[in-house]
Amino acid sequence: MSSSENPSHLLLVDDEEGFRTAIAEQLAEQGFVVEQAGTGELALERLAEFAFDILITDLRLPGVDGRQLLDEALSRYPDIIAIVITGFGTVREAVEVTRQGAEGFITKPFQFEELRHELNTAIERRRLRAENAYLRAQLRDRYSIDGMIGRTPVMMKLFELLHTVAATTSTVLITGETGTGKELAARGLHDASPRRAQKFVAINCSAIPETLLEAELFGHVRGAFTGAVVNRQGRLEQAHRGTLFLDEIGTMSPALQAKLLRVLQSREFERVGDSQTIRVDVRVVAATNSDLKKMVESGAFREDLFYRLNVIPIRLPSLRERRADIPLLAQYFLDRLAKETLPARGRVSVSQEAQQALMAFDWPGNVRHLENVIERAFSLSPGRAQIEAADLPEEVRHAQTPRPVDELELPEGGTVLDDEVSRYEHGRIRQALARTNGNKRQAAELLGLKRTTLIEKLKRLERR
Ligand SMILES: Nc1ncnc2c1ncn2[C@@H]1O[C@H](COP(=O)(O)OP(=O)(O)OP(=O)(O)O)[C@@H](O)[C@H]1O
Ligand SMILES: [Mg+2]
């Protein structure tokens, strides 16, 4: 979490589904990004997957109860703002949970207004206290990179790695599917490095015709080729003392690969048409979404260059591998759109139903894809304070329908088998319920399950 962000990502835990859903909708309307859990066990799972800002939990839950949950949440995230819902007349419990570290409590039954008030007061109290918490903020900075959103464990680890690597000058190779944020990570790396005051120079190897790429990279002298009427610095020289970002490195020709190899070995090169050797101090970061190792095997990419580039490999996870970040990213893009294009519209949030569809979709184009879908939904819902499922493209809305596994290729970066299995289960259960008009006993029979097992699975899957 960057310190400028509002604390808005909220986990709501209550075993009464109707009550919980109603509160969740109202909180979402207030601009909170809400996820729900119906049991303490599920809540623990969600907490392990994502660093929530706020926890609102009923004290009395079957199994893992509210106090255990509070303990676990606070030990994992000492900064989490916890509000506990207690039963009527149990003042002692309220005092106890406050002592335990809850920021506030509210007794059932209550009006939504009361909860809203309690929550806002808690956030405000926390804000005042946090202004002095300089050290804590520094610690948190280690787990964030400017402009990069993510609070799942894979992203936290990535941020930490980027900070560690930023302190060195080693060459970095960033890999990941399209739209996973490779360029963003390269910039983040530069901005977190001691070179941040110098230039970050990016060059996209696939966007420049191969004949021009060499001169672009190394510069040229007057008369080096037709059209070279003056001496010109290349990107390498421009990046002196800074960072050179070689994007789509997999498309580089063999001849240039050889020249780049020399630069990486000695930091030396000549401008095109010149014999004078130039030395530079550059940090090289390369990125690719092709499998360079395979390209090495097939002879399309130099093996020696691959090892020179791959000193520190950084792999960006696909969005499928960090679904828990989807609501956060969606809200981030909405806030940015609102600020940039329509400040008068106020905060736009995502309905619970739309959020579930977003989280179930596979996002072949990853974060860029999500960004586009959100922008489209934002434009298609003028004046409204919430994005609804109907504002999402067809394929996203119907994301929950499972496809046969044999038709799916195992993604290059692997998969999250549990997610896949859940989606499959969900699809089958929905089909069975549709065929039996929602009769759970008959649906369970169709699937060879006990009725209670089906109900349990349903509860679990609803949260995904
Ligand atoms: N973690 C993130 N937080 C916020 N925005 C992100 C994140 N990751 C990616 N984006 C956004 O998604 C878009 C694509 O990111 P970027 O260009 O860095 O991806 P890429 O991996 O370089 O993609 P490609 O392989 O297609 O070049 C950008 O608009 C970027 O701002
Ligand atoms: Mg890119």
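The values are calculated or read from the model by the stated rules, or taken from the named source; none is laboratory data. Here the structure is a predicted model, which means the values were calculated and not measured. Cβ atoms come from the backbone with ideal geometry, glycine included; neighbour counts cover every protein chain shown.
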Count of residues meeting criterion [buried (at least 19 other Cβ atoms within 10 Å of the Cβ), of a type outside the set (Lys, Arg) and within 16 Å of ligand 2 (Cβ to nearest atom)] in region 163-192: 14
Matching residues, region 336-370, being more than 16 Å from ligand 2 (Cβ to nearest atom) and either among the charged types (D, E, K, R) or assigned by TED's automatic domain parsing to the domain that holds GLU29 (or both): ARG336, LYS339, GLU340, ARG345, ARG347, GLU353, ASP362
Selection from region 152-208 of residues that are near ligand 1 (Cβ under 10 Å from one of its atoms) and among the charged types (D, E, K, R): GLU177, LYS182, GLU183, ARG187
Neighbours by Cβ (under 9 Å, 6+ apart or cross-chain): first from region 356-380, at positive phi and in a helix (DSSP H, G or I); second of a type in the set (S, T, N, Q) and surrounded by fewer than 20 Cβ atoms within 10 Å (Cβ to Cβ): ASN366/THR178
Matching residues in region 26-49 - criterion: being among the acidic types (Asp, Glu), touching a Lys or Arg at 6+ places or on another chain (Cβ under 9 Å) and within 17 Å of LEU119 (Cβ to Cβ): GLU35
Test: residue in region 269-286 that is more than 14 Å from ligand 1 (Cβ to nearest atom), at pLDDT below 95 and over 29 Å from SER206 (Cβ atoms): yes
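Which residues, counting only those in region 62-105, are acidic (Asp, Glu) and either touching a Cys at 6+ places or on another chain (Cβ under 9 Å) or modelled with pLDDT of 90 or more (or both)?
Initially, region 62-105 is screened for residues acidic (Asp, Glu), giving 65, 71-72, 79, 93, 96, 103.
Hits for region 62-105 are ASP65, ASP71, GLU72, GLU103.
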Selected residue [in contact (Cβ under 8 Å) with a residue 12 or more places away in the chain, in contact with a Phe, Trp or Tyr (Cβ under 9 Å, 6 or more places away or on another chain) and closer than 30 Å to LEU47 by Cβ] from VAL280, VAL348, VAL272: VAL348
Condition met for VAL373 (within 16 Å of ligand 2 (Cβ to nearest atom), modelled with pLDDT of 95 or more and aliphatic (A, V, I, L, M)): no
Lone unmet requirement of (1) part of a helix (DSSP H, G or I); (2) over 21 Å from LEU260 (Cα atoms) for SER193: (1)
Of all residues making up region 196-217, the number that are assigned to a helix (DSSP H, G or I) and surrounded by 15 or more Cβ atoms within 10 Å (Cβ to Cβ): 5
Complete set of residues in region 358-368 that are surrounded by fewer than 19 Cβ atoms within 10 Å (Cβ to Cβ) and more than 14 Å from the chain's Cα centre (by Cα): PRO364
Meets criteria (touching a helix residue (DSSP H, G or I) at 6+ places or on another chain (Cβ under 9 Å), at pLDDT below 90 and either closer than 17 Å to ILE54 by Cβ or not aliphatic (A, V, I, L, M) (or both)) for ALA130: yes
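Among the residues of region 162-183, how many are part of a helix (DSSP H, G or I) and closer than 25 Å to LYS294 by Cα?
Of region 162-183, the ones part of a helix (DSSP H, G or I) are 162-166, 182-183.
From what is left, the residues that are closer than 25 Å to LYS294 by Cα are 182-183.
Total satisfying the criteria: 2.
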Number of the condition not met by ILE149 [criteria: (1) closer than 26 Å to LEU292 by Cα; (2) in contact (Cβ under 8 Å) with a residue 24 or more places away in the chain]: (1)
Members of region 239-288 found to be assigned to a strand (DSSP E or B) and within 15 Å of LEU173 (Cβ to Cβ), listed by number: THR243, LEU244, PHE245, LEU246, ASP247, ARG283, VAL284, VAL285, ALA286, ALA287, THR288
Elements of type helices (runs of 4 or more DSSP H) in region 393-464, at least 1 residues being modelled with pLDDT under 75: 417-435, 451-462
Cross-chain or 6+ apart pairs with Cβ under 6 Å, region 166-177 first and at positive phi, then in a loop (DSSP other than H, G, I, E, B) and within 16 Å of ligand 1 (Cβ to nearest atom): GLY176/LEU316
Filter result for the condition that a residue is under 15 Å from ALA286 (Cβ atoms) and out of contact with any Phe, Trp or Tyr (no Cβ under 7 Å at 6 or more places or on another chain), over LEU158, LEU213: LEU213
